[in-house]
Amino acid sequence: MTVSRAANRVLVLNSGSSSVKYQLLDMADASRLAVGLVERIGEETSRLKHTPLTGGGAEARVFEGPIADHKAALEAVAAELAKDGLGLDSPELAAIGHRVVHGGTKFTQPTVVDAEVLAELEQLVPLAPLHNPANVTGIEVARAIRPDLPQVAVFDTAFHATMPEAAYRYAIDRETADALSIRRYGFHGTSHAYVARETAKLLGKAPEETNVIVLHLGNGASASAVRGGVCVDTSMGLTPLEGLVMGTRSGDLDPAVIFHLARVGGKSVDEIDALLNKKSGLIGLCGDNDMREILRRRDEGDASAALAFDVYIHRLKKYIGAYTAVLGRIDAVAFTAGVGENSTPVREAAIAGLEELGLALDGERNAVRGDEPRLISADYARVAVAVVPTDEELEIATQAYALVTG
Ligand code: ADP
């Protein structure tokens, strides 16, 4: 399905179980026309915050009151967009791009969704039971409102599909693994793809000749090793639980911890799932998952906050070392997402002592805040260290637009 180039707007939808985040972008200049968020869908206290970004004024409009379901949510969003002449019925809308968390092995490229694709997405629900059902609902609702418009699914797993089998295969019984689709998939792929490319741009190099370690440090966190624009390893696995220490997830641990929690701790599978995904990581170690609060407490002498920070940094350093070995040669380490973009102390501690790997920061550059991609490494360092703000919505819109305009 291709659309006319005169249609150059893309609506990006990120549908969660009780929320929808959206942005309307103009692909002629990659600008935002409107952004917004619907929260607490299905409750009495739903809230829609819509910010139009055209016409100079960026005054947000807020609606509070019951929004029954995702269909009502998208209809409310469409009504807000229409107030500024940006309605979903506009011929200028080229596509709706949907973030879909898990594409399994089947979906490794942005994909126009038809009934067959929807059925296949339903089959992937067991791999991502918390995320994919809401993503699919978002697509169904958008299709019902504009059946003639391409709905493009962009998968969080897709960028990692290039991992070699040595990196994605777990060393467990092959038949069992294959029968249950157990392997490493990786997540945050849209962000890793965007940041790896922007880092090459910042270095003035072609992505094909640039090796980058991307550290996406948000509430969820993951690292990836990108060789010449292609992902060769990433820290998240079958699910987003593996890898780095995160806001509420443990990241790597001995799988036998799970047997111990069951046999000795008497916990059920669901309790262990909740413990490791929601009550571990930084919040499990010190009761807070906001890095700003942890650093404030640490600076006041709080021992558990200091330990949480140390465990977080130790794991991060291990992955920088591991991915340097995986890549053989690195041109840059790029920090992104909430913590990576904003936390001077995290970047400082993560890079400290890695001079032998060619890594050293310039303290003043690291302390500067900003929204633009920037280098923070010392002039004498062999490997660049960069802060590269991620933009998953722009990446989804770019991929969706490229697909529908051929
Ligand atoms: P996600 O999309 O995974 O929810 P974000 O990328 O938005 O996460 O990152 C959210 C996290 O960023 C928060 O948990 C907070 O700890 C962290 N963060 C935001 N600003 C700062 C800052 N100035 N210093 C340290 N951490 C920050």
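Just to be sure before I move on: is Gly189 closer than 20 Å to Arg249 by Cα, within 16 Å of the ligand (Cβ to nearest atom), touching a residue at least 40 places away in the same chain (Cβ under 8 Å) and surrounded by fewer than 22 Cβ atoms within 10 Å (Cβ to Cβ) in the structure I sent? When the stated conditions are applied, Gly189 does not pass them. The set of residues in region 236-251 that are free of Cβ contacts under 8 Å to residues at least 40 places away in the same chain and either away from the ligand (no atom under 12 Å from the Cβ) or closer than 14 Å to Ser191 by Cα (or both) comprises Leu241, Ser250. Of the set (1) touching a Pro at 6+ places or on another chain (Cβ under 9 Å); (2) in a helix (DSSP H, G or I), all apply to Ala58 but (2).
Here Ser181 meets the list (1) closer than 21 Å to Ala322 by Cα; (2) surrounded by fewer than 17 Cβ atoms within 10 Å (Cβ to Cβ); (3) in contact with a helix residue (DSSP H, G or I) (Cβ under 7 Å, 6 or more places away or on another chain) almost entirely, failing just condition (1). Looking across Thr51, Thr45, one residue alone is over 18 Å from Val154 (Cβ atoms), hydroxyl-bearing (Ser, Thr, Tyr) and in a strand (DSSP E or B). It is Thr51.
Just to be sure, is Arg249 within 25 Å of Asn132 (Cβ to Cβ), touching a Pro at 6+ places or on another chain (Cβ under 9 Å) and among the charged types (D, E, K, R)? Walk me through how you get there before you give the answer.
On the way: within 25 Å of Asn132 (Cβ to Cβ): yes; touching a Pro at 6+ places or on another chain (Cβ under 9 Å): yes; among the charged types (D, E, K, R): yes.
Answer is yes for this residue.
For region 284-296, the set of residues classified as over 17 Å from Thr344 (Cβ atoms) and more than 7 Å from the ligand (Cβ to nearest atom) consists of Gly284, Leu285, Cys286, Gly287, Asp288, listed by residue number. When Ala79 is tested against the conditions (1) under 20 Å from His98 (Cα atoms); (2) under 26 Å from the mean Cα position of the chain (by Cα); (3) not acidic (Asp, Glu), the lone failure is (2). Taken together, Val100, Val35, Val20 contain a single residue that is out of contact with any His (no Cβ under 6 Å at 6 or more places or on another chain), over 30 Å from Ser181 (Cβ atoms) and not charged (D, E, K, R), which is Val35.
Scanning region 212-230 for residues that are over 15 Å from the mean Cα position of the chain (by Cα) and on the phi < 0 side of the Ramachandran plot yields a total of 6. Of a type in the set (S, T, N, Q) and more than 16 Å from the ligand (Cβ to nearest atom), is that true of Asn211? Answer is yes for this residue.
Taking region 312-344 as the range and being within 16 Å of the ligand (Cβ to nearest atom) and touching a helix residue (DSSP H, G or I) at 6+ places or on another chain (Cβ under 6 Å) as the test, the residues that pass are Ile313, Leu316, Ala334, Phe335, Thr336, Val339, Ser343, Thr344. Across region 220-235, what is the number of residues that are within 16 Å of the ligand (Cβ to nearest atom), over 14 Å from Leu276 (Cα atoms) and part of a loop (DSSP other than H, G, I, E, B)? Within region 220-235, residues that are within 16 Å of the ligand (Cβ to nearest atom), over 14 Å from Leu276 (Cα atoms) and part of a loop (DSSP other than H, G, I, E, B) number 1. A residue that is among the hydrophobic types (A, V, I, L, M, F, W, C) and under 18 Å from Ile330 (Cα atoms) can be found somewhere in region 184-195. Checking Val62, Val100, Val113 one by one, the residue that is touching a strand residue (DSSP E or B) at 6+ places or on another chain (Cβ under 8 Å), surrounded by fewer than 20 Cβ atoms within 10 Å (Cβ to Cβ) and not polar (S, T, N, Q) is Val62 and no other.
Within region 44-55, identify whether any single residue is touching a helix residue (DSSP H, G or I) at 6+ places or on another chain (Cβ under 7 Å) and surrounded by fewer than 21 Cβ atoms within 10 Å (Cβ to Cβ), and answer yes or no. No, region 44-55 contains no residue that is touching a helix residue (DSSP H, G or I) at 6+ places or on another chain (Cβ under 7 Å) and surrounded by fewer than 21 Cβ atoms within 10 Å (Cβ to Cβ).
All of the numbers you see were taken from the coordinates with simple rules; none came from a lab. Everything quoted here is computed from the prediction, not taken from an experiment. A quick note on method: Cβ atoms are made from the backbone with ideal geometry, for glycine too, and the neighbour counts reach across all protein chains shown.
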